[in-house]
Amino acid sequence: MHAYYTDMQRLARAVTLGFLALTACGEAAFGSRGATSASHADATSSKGLSFPTDPDTTPAIEYAAMDSAACEAALATRKISFQSVPAARGVATPVRLTGPLHGVSFHSALPAKARATSPYEIMDCRLVLALDDFAQILTRYDVDEVVHFSAYRPPPKNWPADKPGQRHGAALALDAAVFLKKDGTKLNVEKDFHGAIGAKTCGPRSGPRPATEEAKTLRAIACSAAEAHLFNVELTPDYNAKHKNHFHLEVTPGVKWFLVK
Ligand SMILES: [Zn+2]
């Protein structure tokens, strides 16, 4: 317990100072193996994985299957402002956003100048497509800025240059911590989500409790993204203590399932 609080205090301090802590996510608890049985259509497994009836038509699975050329062509078609990154270990198609998505800017808490070179701002192209869809949802709630802990987190130094990473190590996940509305309202996942570990996140009998305006908006954002199947994995403070202060939003290549917790 002591270690946990120390970790969280360090994270809070790091964010306050504009630096990034790399301990935000402990998403190793769920498997990454694909489920292929069509007989599981629309079902939810005992691990909480859900299986859409027609998974290949979902945005997350469509994007996850794209190669670099197809993905960058999709960014161009969508007129998304980005820069290609020459190389980032573990990342198939590393890019940096150089403008907002549908008017919504996604960035870390680093000072603006530092963001331009920070590895934590690197995203795989496929994650950007999912975030572009997510931004359209955010505009419905007047959100125009998302502050994250990181997208990419470089794998260990001994990670082979040609080995694909996973999750943050592949720059296929974003830890979204704060959503800012145009009127200045701040929706802070840590303070405003009002979840409970193990509680149901979306649908009947789910939170937030208490249901403040901020909490209802954050919940609506999370559940709208889940309903739209933008991310294979969406983890909230309902999942575990390590996610008490952010939404982990991940595109997962090679799977046909979704996990929302
Ligand atoms: Zn994460």
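Since every read-out is calculated from the coordinates, none of them should be taken as a lab result. This one's a predicted model, so the numbers in the text were calculated from it and none came from an experiment. Please note: Cβ atoms are built from the backbone with ideal geometry, for glycine as well, and neighbour counts cover all protein chains shown.
Residues in the stretch 177-192 carry Karplus couplings, in order, of 9, 9, 10, 10, 8, 4, 7, x, 4, 10, 10, 9, 4, 5, 8, 10 Hz; the curve used is 6.51 cos²θ - 1.76 cosθ + 1.60 with θ = phi - 60°, and Gly or Pro positions show x. Partners of K186 within straight-line reach, counting lysines whose Cα lies under 22 Å from its Cα and excluding those fewer than 8 residues away in the same chain: K216, K242, K244.
Amide H contacts for G103 (H built 1.01 Å from N in the peptide plane; partners 5 or more residues away or on another chain; cut-off under 5 Å): none found. Among T53, T185, the order by Cβ neighbours within 10 angstrom, fewest to most, reads T53, T185. For the stretch 202-261, a simple Cβ point-charge model (Lys and Arg +1, Asp and Glu -1, everything else neutral) yields a dipole of about 220 debye relative to the Cα centre. With neighbour counts taken as other beta-carbon atoms within 10 Å, the residues D124, D54, D162, D133 rank, fewest first, as D162, D54, D133, D124. Computed packing ranks the peptides 225-233, 168-176, 86-94 as 168-176, 225-233, 86-94, most packed first, by mean other Cβ atoms within 10 Å.
Amide H to amide H distances under 5 Å link F82 with T98, where only residues 5 or more positions off or on other chains count and H is placed in the peptide plane. Temperature 25 °C, viscosity 0.890 mPa s: under these conditions the Stokes-Einstein estimate for the stretch 202-250, based on its Kirkwood radius over C-alpha pairs, is 218 µm² per second.
To two decimal places, what compactness ratio does the stretch 64-114 give when its Cα radius of gyration is scaled by 2.2 N^0.38 Å? Relative to the 2.2 N^0.38 Å estimate, the stretch 64-114 comes out at 1.24. Fewest-first ordering of D56, D192 by other beta carbons within 10 Å of each residue's beta carbon gives D56, D192.
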